[in-house]
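The values are calculated or read from the model by the stated rules, or taken from the named source; none is laboratory data. Fair warning: this is a prediction, and the values are worked out from it, not measured in the lab. Cβ sites come from the backbone with ideal geometry, for glycine too, and all protein chains shown count toward neighbours.
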Amino acid sequence: MRLPLGALLPALALLGAELGVRAGLVPANLLPPPTAIADALAWLASNGLPGHIAASALRVLAGFAAGALLALPLGALVALQPRAERLLDPSFQALRAIPSLAWVPLLLLWFGIDETPKLVLIAIGAFFPVYMGVVSGIRGVDRKLVEVGRLYRLSQVALARRVLLPAALPAILTGLRNGLSLAWMFMVAAELIAASRGLGYLLTDGRESSRADIMLAAILLLALLGKLSDGAMQLLERRLLAWRDSVGDRGAA
Amino acid sequence: MKRRSLLQLAALSTLPVTAARAAPLDELRLDYAYYSPTSLVLRHFGWLEEEFKGDGTRIKWVLSAGSNRALEYLNANSIDFGSSAGLAALLARANGNPIRTPYIYSRPEWTALVVPKNSPIKSLRDLRGKKVAATKGTDPYLFLLRALHSVGLQRSDIEHVSLQHADGRAALEQGRVDAWAGLDPHMAASELEGGARLLYRNVSFNTYGFLNVREEFLASRPNETARVIKAYERARAWTRANPSEAAKILSNEAKVSLPVALLQVKLRSDFSNPRPGAEHLRALQLAAPILREEALVKPGTDLDKAIASLIDVRFARPLVART
């Protein structure tokens, strides 16, 4: 049985933190010991934590879906039609450069403080990595493959489905993975400003009440949930790209 | 020979004493805030810069947008002196923020529950199920909770939206929230210029302006702390003698109109008793249960101990003239 080597670093960090605080080397008001964070998590678990997690997770899912669903066709269009590329791509690149926090005040102004500005922000966050993934994926398809497809007189649709899509899939899936992790990030940015539920709300809660243990509990949960959703994407990726034979694919899928 | 060695001995014995006087501070860091008019007066006239010029100490002023910010900066050792509401300071202290309060900078009525002009909300009970904006970790937020508890409601009976004070006012005036736990000067501005109405007022639910100092700073730099308090006393005396001019300073700094500033300084602030004492201890004791009831502190926290360790009733005694 292989040792979970990946758990070594976090375990060492937690142990170091616990010992550091107990020995008085680290002030507890700046870094609560892991036992205090565990207590906070236990308390939160029976005081609304499932509601907060659900609120954040649903926001991420909805925003990510919206952003990705917009990015897939637009990315394909820009990749396949040179005129569309010349028209749209420069604007998208400029919009992509705007950092998430810069959008927040504008969206708050236009859409208020309810769910709409949060979902729009998350969708913006998810859109660009997926868009970039689709564009570079399709553009990077080997022309020889397309020629073979044409030799077999495949229709446009069949060409897209049987040649372009599988060849572009690795890049598209990478784009989707990045889009998902950015969606989590943009979700926290949205919740930091004006929220009444969610993990970002818990984070500000901890901050405003001088409860560093709640802050760290929220951060820990965000890390865990982000890792979980990324792990799910990884599984999907491995399933869809099982036919691939590259350096990264070690062992049987 | 004997006298010389005696003199040498005397000289040597005074050396440790002079060496024990600590080196002057490089930098003294304080906050200033629109909810603390005397801090604005003090900063405006540069009396602290004047006081510490001889020592070569730089004075650094940091704007605090609310008790929550000032307490956060104190916790992180970014400022030495921070202004906050009393109950907010207690919350912070009870949660491990190492601060003490040697001075009270004002007794204000700075918070109330505000509703927009034509709001259908007429009483506290009407707040059930409504959206209320309040800045977590500040007096307005705790005021809101205490007001709700007074009619049998709880935080979970309303939808609390966490917004900093100025944003809360904007949200109220844009109709995005149904009510707002306001703070002066934003609240006064909203009343006079936005037509907002005060739904619920309660002077005794306002918990004073506490000038907090980091415990470690108070212990290692009592001399500097005393000099800061003396400078604040100078600002307090000037403000009591010149309230309209003080309002003008507030109006310029906070970018509010003069009537708004006058409302805050003249009608809603009392600068007569800066010495922490029984009055302030009592106010916190009455207010403390809300922290436990709304689970803002860890279960099992000894709030009486926190109050006793927060308020320092002795430090300012020799520094404040009885008025």
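Values for this structure:
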{"read-out": "Scope region B:115-125; condition buried (at least 18 other Cβ atoms within 10 Å of the Cβ) and either not assigned by TED's automatic domain parsing to the domain that holds residue B:135 or not aliphatic (A, V, I, L, M) (or both); matching residues", "value": "B:116"}
{"read-out": "Residue match in region B:52-73 (condition: within 12 Å of chain A (Cβ to nearest Cβ), farther than 18 Å from residue B:284 by Cβ and in a loop (DSSP other than H, G, I, E, B))", "value": "yes"}
{"read-out": "Hits in region B:140-177 - residues which are within 12 Å of chain A (Cβ to nearest Cβ) and part of a loop (DSSP other than H, G, I, E, B)", "value": "B:158, B:163, B:164, B:174, B:175, B:176, B:177"}
{"read-out": "Helices (runs of 4 or more DSSP H) (entirely within region B:268-315) containing at least 2 residues that are touching an Asp or Glu at 6+ places or on another chain (Cβ under 8 Å)", "value": "none"}
{"read-out": "Pairs where the first residue, in region A:104-115, is in contact (Cβ under 8 Å) with a residue 60 or more places away in the chain and closer than 15 Å to residue A:189 by Cβ and the second is charged (D, E, K, R) and buried (at least 16 other Cβ atoms within 10 Å of the Cβ), C-beta under 8 Å, 6+ apart", "value": "A:113/B:176"}
{"read-out": "Options A:238, A:211, A:244, A:197; residue that is surrounded by 17 or more Cβ atoms within 10 Å (Cβ to Cβ), basic (Lys, Arg) and either touching a Cys at 6+ places or on another chain (Cβ under 7 Å) or more than 21 Å from residue A:117 (Cβ to Cβ) (or both)", "value": "A:211"}
{"read-out": "Whichever residue in region A:173-197 is in a helix (DSSP H, G or I) and of a type in the set (D, E, K, R) and, among such residues, is farthest from the other protein chains (Cβ to nearest Cβ)", "value": "A:177"}
{"read-out": "Filter result for residue B:182 (under 22 Å from residue B:267 (Cα atoms), crowded, with 24+ Cβ neighbours inside 10 Å and more than 9 Å from chain A (Cβ to nearest Cβ))", "value": "yes"}
{"read-out": "Cross-chain or 6+ apart pairs with Cβ under 6 Å, region A:200-226 first and away from every other protein chain (no Cβ under 11 Å) and of a type outside the set (A, V, I, L, M, F, W, C), then crowded, with 21+ Cβ neighbours inside 10 Å and part of a helix (DSSP H, G or I)", "value": "A:226/A:184"}
{"read-out": "Residue B:85, sole failed condition from (1) within 14 Å of another protein chain (Cβ to nearest Cβ); (2) more than 10 Å from the chain's Cα centre (by Cα)", "value": "(2)"}
{"read-out": "When residues of region B:207-231 are limited to those that are assigned to a loop (DSSP other than H, G, I, E, B) and not charged (D, E, K, R), the one surrounded by the most Cβ atoms within 10 Å (Cβ to Cβ)", "value": "B:207"}
{"read-out": "Criterion violated by residue B:321 - all others in (1) within 14 Å of another protein chain (Cβ to nearest Cβ); (2) in a loop (DSSP other than H, G, I, E, B) satisfied", "value": "(1)"}
{"read-out": "Residue ID - modelled with the lowest pLDDT, chosen from residues in region A:188-210 that are among the hydrophobic types (A, V, I, L, M, F, W, C) and over 16 Å from residue A:220 (Cβ atoms)", "value": "A:193"}
{"read-out": "Residue B:255 being out of contact with any His (no Cβ under 6 Å at 6 or more places or on another chain) and at pLDDT below 95", "value": "yes"}
